[in-house]
Amino acid sequence: MSAPEPLAWQRLVRVLGHEIRNSLTPVQSLAAMLAKSVDEGRLSQEELREGLALIERRALAITQLLDDCASLADLPKPRCQAVDVGAWVRRVCDLEPRIPVEVAPESPCTLSADPDQLELLLSHLVRNAIDAALEGGSRVSIGWTTRDGWLHLHVVDDGPGVADPEKLFVPFSSTKQGGTGIGLALSRRIAEAHGGRLTLEPRFDARGCRARLELPIA
């Protein structure tokens, strides 16, 4: 066993324990509160709906975390089909309610790629950009061009920038408070599985960060 391997396992156990505990503790407390309210006959329909919605969100968060860990450990071979880039980008942006994502005028492009994996990749980039923008900024934008048989897509935010570039793609080692370090590592694996590249860099024209995704069109 190499020297870094025990450290990686320790990080994995620590991250999973932290994330699962953070989700299960409020669920346990909420379930007890709902049960007590039922026994006392003072539970309204609205309170029940809100409680169940919170339990659902926490369960989905744990499921997503475990799915990401499984994909990072053993990413399936991409099952390629035609993917319209504009539709893919809009679909991901529509799922993020916190900040409207600005989408640059489209450059029509179709990829041969795994649509589920690409959606997972871009959702992590958009989520990270919005997390950063909420730390003092307000804007996230996506644009893309095609050149020499490649798609060049960028996700830009006006957040605090890159704190520690060397840790960005290290699994279970996050520079973001409450982060798991899984999302970017998995996103890079997906890009590379499609013959592409993913990098993050500070913006030189303004405050913030720029994610660059390059994928072959053919």
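The values are calculated or read from the model by the stated rules, or taken from the named source; none is laboratory data. Here the structure is a predicted model, which is why all the values come from computation and not from measurement. We place every Cβ from the backbone using ideal geometry, glycine too, and count neighbours over all the protein chains shown.
Of note:
Quick grid of which residues meet (1) in contact with a Gly (Cβ under 9 Å, 6 or more places away or on another chain); (2) among the hydrophobic types (A, V, I, L, M, F, W, C):
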site	(1), (2)
E46	no, no
R90	no, no
P108	yes, no
S112	no, no
D116	no, no
L122	no, yes
R139	yes, no
L153	yes, yes
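- Tally, over region 115-148, of residues that are at pLDDT 90 or above and at positive phi: 1
- Hits in region 81-131 - residues which are assigned to a helix (DSSP H, G or I), under 12 Å from the mean Cα position of the chain (by Cα) and aliphatic (A, V, I, L, M): V92, L118, L120, L121, L122, L125, V126, A129, I130
- Yes/no for E50 being loosely packed, with under 11 Cβ neighbours inside 10 Å, closer than 30 Å to R21 by Cα and free of Cβ contacts under 8 Å to residues at least 60 places away in the same chain: no
- Each residue in region 80-99 was checked for being loosely packed, with under 14 Cβ neighbours inside 10 Å and modelled with pLDDT under 90, and 4 of them qualify.
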